[in-house]
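Undergrad: Below is the structure I would like to discuss, written out as structure tokens.
Bear in mind these aren't lab numbers, they're just calculated from the coordinates by the rules spelled out. Just so it is clear, the model here is predicted, and its values are computed rather than measured. Because the Cβ atoms are built from the backbone with ideal geometry, glycine has one as well, and the counts that use them run over all protein chains shown.
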Amino acid sequence: MKVLVINCGSSSLKFQLIDAETEKLLFKGLCERIGIEGSCISFTVTGQEKITRETPMPEHKTAVSLVLNALTETGVVKSLSEIDAVGHRIVHGGEKFTKSVVIDENVIKAIEEVSDLAPLHNPANVIGIRACQDLMPGTPMVAVFDTAFHQTMPQDAYLYGLPYDYYEKFKIRRYGFHGTSHSFVSKKTAELENKDYSQLKTIVCHLGNGASVSAVLNGKCVDTSMGLTPLEGLIMGTRCGSIDPSVIETIEKKTGKNTAEVMKVLNKESGVYGLSRNLSSDFRDLEDGYLAKDENAIRAVDSFCYQVVKYIGAYALVMGGVDCIAFTAGVGENSGFVRKLIIDKLGMLGITLNEEANKVRGEEKLISTPDSKVHVWVVPTNEELAIARDTYSLLAK
Ligand code: AMP
């Protein structure tokens, strides 16, 4: 079964075509600046050179249409009928969706109903679904939710200390994101450990431009660092992570900015980018700065690592121990430098780093020493493959 995986953002669309039986990636790419001047599509047929084209994309439907044209033009598929299914990444499933589902009109309606919880993402996701429905009528589609894996969190972990009415009436609570990645990586870690997933205590550190940590106890997520939105938790590339809510009012008073402007600062101008006085949100630049003893880089990276250590400590306690820690996503998979700064602070858990193994980039590898009480792994994430797997397993029935 050939599955087209679609990750539709407000102005971008990422796509992959995966053979779900062999799990082989056939084709992947990105449409950028949809609805904005200077839009472009880039795609790679596996084993060939990347092709980039500037082309007008006034709306998402044009982008999907360009993706489908590229698939036939390059001969990856002879006709669109060879695409057996589409798997859509949906950011927010609210409390309604605890697992992936086959898309029908009721599902689309339910995704729209929780749009106020993810106003930038869910409407774009629905636009992506509608565009595919128009251009590939009859092709079955599956929705895979970023929040679903975290729906097993117990009430103690997901409730905020707010009037309970706000939860009941408005569903204000912690949801968590990157769930497809946390699920994929925690399962993979159990496989690498050769242990039963349902009997393992794992902490997954998804450290990318967006970053979150999750506690996976016996195959179920019991806590995660992101909240109602992906703004809570760790200090991220440009997002502030957890702050005292009063900070917002204080910034408003001090700067004269309104709430929307402050939210923009918290989402786009904070994190390691803001802490480094806008040096960079990219950990490659920050690592270079750190090694050159740039105090802006040192401040940002050390604050980031401190927060990761804090969550690991908390989650080890919440689960009554921890068997494995997995590092994943752009920073977690590639930066031995950041991993070392974090792992060196975990001695209390009986963890020691294998410095030689920690040189690894983007490969599955055990990076703790043989006598380390907790096994530490680098496990590359693959959200698209996880989406293709869910799509296949739901539709192959
Ligand atoms: P992601 O959001 O998972 O795609 O991660 C993107 C981020 O990963 C980038 O912004 C960088 O900060 C980081 N990153 C990617 N490659 C490297 C690398 N080789 N060393 C350090 N950080 C990296």
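Undergrad: Measuring from centroid to centroid over Cα atoms, what is the spacing of region 1-34 and region 86-124 in Å?
TA: 18
Undergrad: Between Val101 and residues 5 or more places away or on another chain, which pairs have amide H atoms under 5 Å apart, with H built 1.01 Å from N, and which residues are they?
TA: Ala143
Undergrad: Here's a follow-up. Taking θ = phi - 60°, what integer Hz values does the Karplus form 6.51 cos²θ - 1.76 cosθ + 1.60 yield along region 350-356, in sequence order, with x for Gly and Pro?
TA: x, 9, 10, 8, 8, 4, 5
Undergrad: In whole Å, largest first, what are the principal axis extents of the Cα atoms in region 131-189?
TA: If we take the Cα atoms of region 131-189, the spans are 46, 35, 12 Å.
Undergrad: Please work out, to two decimal places, the log10 of the ratio I(q)/I(0) at q = 0.21 Å⁻¹ from a Debye calculation in which every Cα of region 171-316 carries one identical scatterer.
TA: -1.23
Undergrad: Which order results if Met263, Met136, Met57, Met226 are arranged by neighbouring Cβ count within 10 Å, fewest first? All intermediate terms of the calculation are to be shown ahead of the outcome.
TA: Values: Met263 14, Met136 18, Met57 24, Met226 29.
In order of increasing Cβ crowding within 10 Å: Met263, Met136, Met57, Met226.
Undergrad: Report ³J(HN,Hα) in whole Hz for each residue of region 220-235, in order, from the Karplus equation J = 6.51 cos²θ - 1.76 cosθ + 1.60 where θ = phi - 60°; Gly and Pro get x.
TA: 10, 6, 10, 6, 8, 7, 7, x, 4, 10, x, 7, 7, x, 5, 5
Undergrad: To continue, here is another question. How much length is gained if the chain between Glu261 and Ser242 is pulled fully straight, taking 0.36 nm per residue apart and subtracting their Cα-Cα distance, in nm to one decimal? Please report the intermediate quantities before stating the final value.
TA: Details: separation 19, 0.36 × 19 = 6.84 nm, distance 1.79 nm.
That works out to 5.1 nm of additional length.
Undergrad: Relative contact order for region 263-329: what is it in percent, counting Cα pairs under 8 Å that are at least 6 residues apart?
TA: Values: 40 pairs, mean separation 14.9, N = 67.
In percent, rounded to a whole number, it is 22.
Undergrad: Now a separate question. Report the FRET efficiency, 1/(1 + (r/R0)^6), for Asn106 and Thr72, where r is their Cβ-Cβ distance and R0 is 51 Å, rounded to 0.05. Mind dumping the intermediate values first?
TA: Working: r = 32 Å, r/R0 = 0.62.
Using R0 = 51 Å, I get an efficiency of 0.95.
Undergrad: Continuing with the same structure: Under the rule of -39500 (n - 2.57) per DSSP H run of 4 or more residues, summed and divided by the residues of the chain, what mean residue ellipticity at 222 nm is obtained, to the nearest 500 deg cm²/dmol?
TA: Helix-only estimate at 222 nm: -11000 deg cm²/dmol.
Undergrad: Only loop residues by DSSP count here, and only those with at most 10 other Cβ atoms within 10 Å; note down the GluC sites (Glu not before Pro) in region 12-107 that meet that. All intermediate terms of the calculation are to be shown ahead of the outcome.
TA: Numbers: sites: Glu21, Glu23, Glu32, Glu37, Glu49, Glu54, Glu59, Glu73, Glu82, Glu95, Glu105; in loops: Glu21, Glu23, Glu37, Glu49, Glu59, Glu95.
Those that pass, being in a loop and sparsely packed, are Glu37, Glu49.
Undergrad: Another question, then. Quick one: grab the alpha carbon gyration tensor of region 247-319, order the square roots of its eigenvalues as a ≥ b ≥ c, and give me rounded if a/c is under 1.5, else prolate or oblate depending on whether a/b is larger than b/c.
TA: Details: a/c = 2.73, a/b = 1.22, b/c = 2.24.
Oblate, since a/c reaches 1.5 and b/c is not below a/b.
Undergrad: How much length, in nm to one decimal, is gained on full extension between Asp134 and Asn278, taken as 0.36 nm per residue of separation minus their Cα-Cα distance? Don't skip to the end; give the middle numbers.
TA: Working: separation 144, 0.36 × 144 = 51.84 nm, distance 4.27 nm.
Extending this stretch completely gives an extra 47.6 nm.
Undergrad: A further question follows. Please list the non-local residues whose amide H lies under 5 Å from the amide H of Leu353, H modeled 1.01 Å from N, same-chain partners needing a gap of 5 or more.
TA: Residues meeting the amide H criterion: Thr369.
Undergrad: Considering lysine pairs in region 311-397 that are 8 or more places apart or on different chains, how many have Cα atoms under 27 Å apart? Please report the intermediate quantities before stating the final value.
TA: Working: Lys340/Lys359; Lys340/Lys365; Lys340/Lys373; Lys345/Lys359; Lys345/Lys365; Lys345/Lys373; Lys359/Lys373; Lys365/Lys373.
Number of lysine pairs found: 8.
Undergrad: In square nanometres, what is one fourth of the surface area of the convex hull spanned by the alpha carbons of region 303-353? Numbers along the way, then the final one.
TA: On the way: hull surface 13.9 nm².
Average projection, Cα convex hull of region 303-353: 3.5 nm².
Undergrad: Loop only per DSSP, at most 16 neighbouring Cβ atoms within 10 Å: give me the trypsin sites (Lys or Arg not before Pro) in region 1-75, ordered by residue number.
TA: Numbers: sites: Lys2, Lys14, Lys24, Lys28, Arg33, Lys50, Arg53, Lys61; in loops: Arg33, Lys50.
The qualifying sites are Arg33, Lys50.
Undergrad: What percent does the relative contact order of the chain come to when contacts are Cα pairs within less than 8 Å and at least six residues apart?
TA: Values: 822 pairs, mean separation 54.6, N = 397.
Here the relative contact order equals 14 percent.
Undergrad: Under 1.5 on a/c is rounded, so check that first for the chain, then, if it is not, pick prolate when a/b is larger than b/c and oblate when it is not; a ≥ b ≥ c are the square roots of the alpha carbon gyration tensor eigenvalues. List each step's numbers first, then the result.
TA: On the way: a/c = 1.41, a/b = 1.28, b/c = 1.10.
It comes out rounded by the Cα gyration axes.
Undergrad: Can you sort Leu217, Leu207, Leu231 from fewest to most other Cβ atoms within 10 Å of each residue's own Cβ? Please list the in-between numbers first.
TA: Working: Leu217 22, Leu207 28, Leu231 19.
Listed from fewest to most nearby Cβ atoms, that is Leu231, Leu217, Leu207.
Undergrad: For region 105-192, which chymotrypsin sites (Phe, Trp or Tyr not before Pro) are both in a DSSP coil and crowded by at most 15 other Cβ atoms within 10 Å?
TA: Working: sites: Phe145, Phe149, Tyr158, Tyr160, Tyr164, Tyr166, Tyr167, Phe170, Tyr175, Phe177, Phe184; in loops: Tyr160, Tyr175, Phe177.
In loop regions of region 105-192 (DSSP not H, G, I, E or B), the sparsely surrounded chymotrypsin sites (Phe, Trp or Tyr not before Pro) are Tyr160.
Undergrad: Give the lysines whose C-alpha is closer than 25 Å to that of Lys50, dropping any in the same chain fewer than 8 places away, or say none.
TA: Lys50 reaches Lys2, Lys14, Lys24, Lys28, Lys61, Lys78.
Undergrad: Taking amide hydrogens as modeled 1.01 Å from N in the peptide plane, which residues meet the under 5 Å criterion relative to Trp377, leaving out close sequence neighbours?
TA: Amide H to amide H, under 5 Å and 5 or more residues apart or across chains, Trp377 pairs with Ile325, Ala326, Phe327, Ile367.
Undergrad: Let me ask you something else. Using 0.36 nm times the number of residues separating Glu355 and Ser198, minus their current alpha carbon distance, what extension gain do you get? All intermediate terms of the calculation are to be shown ahead of the outcome.
TA: On the way: separation 157, 0.36 × 157 = 56.52 nm, distance 3.02 nm.
53.5 nm is the gain from fully extending Glu355 to Ser198.
Undergrad: Could you give each residue of region 376-385 its phi-based ³J(HN,Hα) in whole Hz, using Karplus coefficients 6.51, -1.76, 1.60 with θ = phi - 60°, and x for Gly or Pro?
TA: Per residue, the Karplus-derived 3J(HN,Hα) values read 10, 10, 9, 10, x, 7, 8, 5, 5, 5 Hz.
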